[in-house]
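**Student:** Mind having a look at this structure? Questions to follow.
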């Protein structure tokens, strides 16, 4: 089974998040996805921990990444 139609195939959550932070910065990300780990003392590590536990937030962040890559 191929994942050629899945833009997230082979992309780790850490890589995805790092690219979004590099492109938008934490402030802009916090405006786009209203979660505390982006607003209060943001870090990749704390954000990954939250996103791995919180499906709705992860879905929003993944969609942002997909939109960025279009």
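**Student:** Among the candidates 29, 20, which residue alone is outside any loop (DSSP other than H, G, I, E, B) and under 14 Å from residue 66 (Cβ atoms)?
**Tutor:** So the residue among 29, 20 that is outside any loop (DSSP other than H, G, I, E, B) and under 14 Å from residue 66 (Cβ atoms) is 20.
**Student:** Just give me the residues in the range 49-63 being surrounded by fewer than 18 Cβ atoms within 10 Å (Cβ to Cβ) and either assigned to a helix (DSSP H, G or I) or at pLDDT below 95 (or both), in sequence order.
**Tutor:** The answer is 49, 50, 52, 53, 55, 56, 59, 60, 63.
The values are calculated or read from the model by the stated rules, or taken from the named source; none is laboratory data. Bear in mind that the values here come from a model prediction, so they are computed numbers and not experimental data. Positions of Cβ are backbone-derived with ideal geometry, glycine not excepted, and every protein chain shown enters the neighbour counts.
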